[in-house]
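Below: one structure, written as structure tokens.
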Amino acid sequence: MALSIDTSIRSRNYARGRGGHRIRHITIHYWGTWVGQSHEGIVEWLSKWRLRGRTSAHYVVSPGKVSQIVSEADTAWANGNRTANQESITIELCPDPARADATLVTCAQLIAEIRARHGDLPLYPHKHWYNTDCPGLFTNRLDELDRMARGRVARAARSVAAATAASKPAPNLTAPAFPLPSGFYYGPRRGPAQSVSGHVRNTRVPSDVVISRWNAWYSKGLKLWQERMKARGWKITPDGLYGPETERVVRQFQRNKHLVVDGKIGPATWAAVWTEPVK
Ligand SMILES: [Zn+2]
């Protein structure tokens, strides 16, 4: 059954469009800072124009209930990070621990429908983008939520989306731009400076190799590529680090797709995981 989404209230807190960015992820929030607030109360609060502290989200979710207050084509103000706002679809979850399972079931169905429209977007907790505890009790349940969204709920949503889209063909995924400068690639730590492994600081690509919230270096681009490979069914850990597992997977993937088998993730191997069919 398709989700029924209440769009009767629209937020005044958003920026038109996406500032030229592509939608790349879904960010999960909870309204734990407003414990005791009703679904309707949060919808109203996120929609109302205020002079200061204006904030919003695309969706508000409680068990069996979804409100959309910002269009997916527009930027909601939820993540405390401009680029993350421009590249995210944001979802606010009901913080009631007694109903957390039911909230996740409804959210999983919404995610499945979003992915049917936008491709296989990864899930992030709000705290990935900003120093916050959000999404609180859901922080450690995003893998579970992801699995639910890919499971039965997802199949149901996909058939609904397919029926709704009628004759529209499935969208081809477009690969995000290769994140590294010309001549650089993701490769082993033992390589030259052009070989970005994520294990150590690389002053040539300061926006790609960054410090995680566990205070360790990792590559954002490599992590994105690994996440996409994982979503395609490969056994790979999306940790933003180039190690033996990633090298093995890269070489196998390159063989499968008739790419140059060198173990390096350059522009061609980068793009292929989005543009090449899975089988
Ligand atoms: Zn949040």
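Per-residue ellipticity at 222 nm computed for the chain from its helices equals -10000 deg cm²/dmol, with DSSP H segments shorter than 4 residues left out and the rest contributing -39,500 (n - 2.57). Looking at region 185-275, the pairs of alpha carbons with a distance over 20 Å make up 28% of the total. Counting only protein heavy atoms and a 1.4 Å probe, the chain has 52 square angstrom of accessible area per residue.
Its Cα centre serving as origin, the chain has a Cβ charge dipole (Lys and Arg +1, Asp and Glu -1) of approximately 660 debye. Taking the convex hull of the alpha carbon positions in the chain and averaging its projected area over all directions gives 15.6 nm². By DSSP, the beta bridges lying fully in region 5-165 are antiparallel in about 30 percent of cases.
For R12, the accessible surface of its heavy atoms amounts to roughly 150 Å² (probe 1.4 Å, protein chains only, rounded to the nearest 10). Given 10 Å bins starting at zero, what is the percent of C-alpha pairs of region 20-153 in each, up to the one with the largest pair distance? Values per bin, smallest distances first: 13, 49, 34, 4, 0. Calculated on the alpha-carbon coordinates, the convex hull of region 1-78 measures out at 110 cubic angstrom per residue.
The values are calculated or read from the model by the stated rules, or taken from the named source; none is laboratory data. Just so it is clear, the model here is predicted, and its values are computed rather than measured. Backbone-built Cβ (ideal geometry, glycine too); neighbour counts: all protein chains shown. Just so you know, the surface numbers come from the protein's heavy atoms only, side chains and all, with ligands and any DNA or RNA stripped out. Shrake-Rupley method; radii C 1.70, N 1.55, O 1.52, S 1.80 Å.
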